[in-house]
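Asks: Just dropping this structure here.
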Amino acid sequence: MTLAAVFPGQGSQYLSMGLELVDRYPEVIDVFAVAEDVTDQPLAEMVSKGPKELLDETINAQPAIFTVNYLYWRILKQKGFHPDYVAGHSLGELSACLAAGVFSFEEGLRIVKRRAELMSRAALETGGGMMAVLGLDDEKVAEVAAAVGLQPANYNCPGQVVVAGPNRNLEQGGDAFKSAGAGKVVRLAVSGAFHSPAMATPARLFGDWLHPLDFHDPQIPIISNATAEPLLSADDVKAALASQLVRPVRWQACIERLAQRGVDTFIEVGPGRVLSGLIERIAPEAKVEHVADRLNV
């Protein structure tokens, strides 16, 4: 068995996520306390009480998801779980870096908070949003997107591509994609055109901010969102974390590359089961588990 741990990103959050672990793993309270101290945000209260709209804000969702991903990962590791590869979808790539030993939980929280701040600020300044296009192949989505001033942002699985751009272009694009044969188009509940040229400024600023930080080389190969190639050095990781803000997430290619490297079992480590569903469509021959099932919670 060759294992890959995969970590979800923004959009996987829900109220009470991770709190189902409290009864069996009291350390959950301590982990949230550390996260709140580092970020100066009432994450436990937002996760437990909401409102959901507050939790969904980029500035809150990203550190909250990173914390819950870590909770699951920490418990798995204590039980002797050792994956051969790690990967994460967008924000989840930072959880993959944490799992690979690139930085500590506390340092990761500071990085995630800075990332969320830069992305939130850019979203307020540039506006825009994202839209999932279902039922078209990648080439057709890219063709239609270019015609209406949008860019592919997430290549999630066969027949599912997310595009990003200005709101007016998204409105026009919905009809254009349907005319091209899309089965469905769905606006996503995000505040900006992430993984597109609209994030060029935060990508540059984030890269500059990451540059002096003391990262370790990964102890486990990390498959990069942007290239679907392994990140093997600290410098590779810094460059990838900055560039992924402005480049498409090639999730389908990441899973295909892992399968080519012999991975036959994927375990989703974090809230929700979005990645499990995508992997089942990309690599139907692989075994897909969710961490909650493995921990019986």
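Asks: Which of (1) buried (at least 20 other Cβ atoms within 10 Å of the Cβ); (2) closer than 21 Å to Arg110 by Cα; (3) among the aliphatic types (A, V, I, L, M) is the odd one out, the single condition Ile59 does not satisfy?
Replies: Every condition holds for Ile59 apart from (1).
Asks: Further question on the same structure: Determine whether Gly207 is assigned by TED's automatic domain parsing to the domain that holds Pro284, more than 16 Å from Trp251 (Cα to Cα), touching a helix residue (DSSP H, G or I) at 6+ places or on another chain (Cβ under 9 Å) and in contact (Cβ under 8 Å) with a residue 24 or more places away in the chain. Even if it seems obvious, please write down each step before you answer.
Replies: Values: assigned by TED's automatic domain parsing to the domain that holds Pro284: yes; more than 16 Å from Trp251 (Cα to Cα): yes; touching a helix residue (DSSP H, G or I) at 6+ places or on another chain (Cβ under 9 Å): yes; in contact (Cβ under 8 Å) with a residue 24 or more places away in the chain: yes.
Yes, satisfied.
Asks: Moving to a separate point now. Would you mind finding the one in Leu43, Leu134 that is farther than 16 Å from Val269 by Cβ, over 16 Å from the mean Cα position of the chain (by Cα), assigned by TED's automatic domain parsing to the domain that holds Pro166 and modelled with pLDDT of 95 or more?
Replies: Details: Leu43 fails: assigned by TED's automatic domain parsing to the domain that holds Pro166.
Leu134 is the lone residue from the list that is farther than 16 Å from Val269 by Cβ, over 16 Å from the mean Cα position of the chain (by Cα), assigned by TED's automatic domain parsing to the domain that holds Pro166 and modelled with pLDDT of 95 or more.
Asks: With respect to Leu15, determine if the residue is modelled with pLDDT under 95, in the same structural domain as Ser120 (by TED's automatic domain parsing) and under 20 Å from Glu268 (Cβ atoms).
Replies: Details: modelled with pLDDT under 95: no; in the same structural domain as Ser120 (by TED's automatic domain parsing): yes; under 20 Å from Glu268 (Cβ atoms): yes.
Criteria not met by Leu15.
Asks: Could I ask something else about it? Name every residue in segment 165-209 that is aliphatic (A, V, I, L, M) and more than 15 Å from Met119 (Cα to Cα), in order of residue number.
Replies: Initially, segment 165-209 is screened for residues aliphatic (A, V, I, L, M), giving 170, 176, 180, 182, 185-186, 188-190, 193, 198-200, 203, 205.
Listed by number, the residues that qualify are Leu170, Ala176, Ala180, Ala182, Val185, Val186, Leu188.
Asks: Let me ask something else. Give me the pairs: first residue in segment 10-21 and within 19 Å of Ala33 (Cβ to Cβ), second residue part of a loop (DSSP other than H, G, I, E, B), beta-carbon distance under 8 Å, and six or more apart or on different chains, which are they?
Replies: Matching pairs, first to second residue: Met17/Pro271; Met17/Gly272; Gly18/Pro271; Glu20/Val297; Leu21/Val297.
Asks: Could you count how many residues in segment 11-29 are in contact with a Ser or Thr (Cβ under 8 Å, 6 or more places away or on another chain) and surrounded by fewer than 21 Cβ atoms within 10 Å (Cβ to Cβ)? So that I can check it myself, show each step before the final result.
Replies: Taking segment 11-29 as the starting set, the residues that turn out to be in contact with a Ser or Thr (Cβ under 8 Å, 6 or more places away or on another chain) are 15-16, 18-19.
Filter once more, so that each one left must be surrounded by fewer than 21 Cβ atoms within 10 Å (Cβ to Cβ): 15-16, 19.
Residues in segment 11-29 being in contact with a Ser or Thr (Cβ under 8 Å, 6 or more places away or on another chain) and surrounded by fewer than 21 Cβ atoms within 10 Å (Cβ to Cβ): 3 in total.
Asks: Suppose the filter is under 16 Å from Cys97 (Cβ atoms) and either surrounded by 23 or more Cβ atoms within 10 Å (Cβ to Cβ) or touching a Leu at 6+ places or on another chain (Cβ under 8 Å) (or both); does Pro221 pass it? It would help to see each step written out before you state the result.
Replies: Working: under 16 Å from Cys97 (Cβ atoms): yes; either surrounded by 23 or more Cβ atoms within 10 Å (Cβ to Cβ) or touching a Leu at 6+ places or on another chain (Cβ under 8 Å) (or both): yes.
Yes.
Asks: Taking the options Val112, Val141, name whichever one is under 23 Å from Asp40 (Cα atoms), out of contact with any Gly (no Cβ under 8 Å at 6 or more places or on another chain) and either surrounded by 20 or more Cβ atoms within 10 Å (Cβ to Cβ) or touching a residue at least 24 places away in the same chain (Cβ under 8 Å) (or both). Before the answer, list the steps.
Replies: Working: Val141 fails: under 23 Å from Asp40 (Cα atoms).
So the residue among Val112, Val141 that is under 23 Å from Asp40 (Cα atoms), out of contact with any Gly (no Cβ under 8 Å at 6 or more places or on another chain) and either surrounded by 20 or more Cβ atoms within 10 Å (Cβ to Cβ) or touching a residue at least 24 places away in the same chain (Cβ under 8 Å) (or both) is Val112.
The values are calculated or read from the model by the stated rules, or taken from the named source; none is laboratory data. All values reported here derive from a predicted model rather than from experimental measurement. When we count neighbours, we look across all protein chains shown, and the Cβ atoms used for this are built from the backbone with ideal geometry, even at glycine.
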